[in-house]
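The values are calculated or read from the model by the stated rules, or taken from the named source; none is laboratory data. All values derive from a computational prediction rather than experimental measurement. Backbone-built Cβ (ideal geometry, glycine too); neighbour counts: all protein chains shown.
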């Protein structure tokens, strides 16, 4: 039995902006594919977000390279990664965003600032304990986001 047409129309109207967190893992690639497919189905705009995690305080002195150079290389790599992924998945119109911080916090903040209707994150499946089913970033986003979240396995 299919859903009444008015329910499908209401769902389509509800999903106009999709934010997907991508980090280069297989799980985040599957999340990007899912986000692309949802966006195509509902005519939604996709934002691809890559988060660069800061180094712990005090570790900067352990490297010969200044941290500014390290972060500049990470930004360049992230930009190249997002461009390649967008090309591969046919997401040329997607907004590409690179931010620095703790991934779960940044994903929630960016989703709120962009008034995102749906957040999509991938599942890595390599964390121990209760987070084994979702992953630490996914678990944080599900718990902290004030909007719909889909975790793609």
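Here are some notes:
- Counting only residues that are exposed (fewer than 14 other Cβ atoms within 10 Å of the Cβ), outside any helix (DSSP H, G or I) and modelled with pLDDT of 95 or more, segment 74-92 holds 1 of them.
- Screening segment 1-22 for residues that are touching a helix residue (DSSP H, G or I) at 6+ places or on another chain (Cβ under 7 Å) and at pLDDT 60 or above and picking the one that is farthest from residue 106 (Cα to Cα) gives 15.
- The number of residues in segment 41-73 that are in a helix (DSSP H, G or I), within 27 Å of residue 118 (Cα to Cα) and either at pLDDT below 90 or in contact with a strand residue (DSSP E or B) (Cβ under 9 Å, 6 or more places away or on another chain) (or both) comes to 1.
- Pairing residues of segment 34-55 that are on the phi > 0 side of the Ramachandran plot with residues that are modelled with pLDDT of 95 or more, at Cβ distances under 8 Å and at least 6 apart in sequence or on separate chains, gives 43/16.
- Applying the criterion of being modelled with pLDDT of 95 or more and assigned to a strand (DSSP E or B) to the residues of segment 104-147, the residue that is surrounded by the most Cβ atoms within 10 Å (Cβ to Cβ) is 121.
- Taking segment 84-119 as the range and being without any contact (Cβ under 8 Å) to a residue 60 or more places away in the chain and in contact with a strand residue (DSSP E or B) (Cβ under 7 Å, 6 or more places away or on another chain) as the test, the residues that pass are 86, 91, 94, 95, 96, 97, 98, 99, 100, 101, 106.
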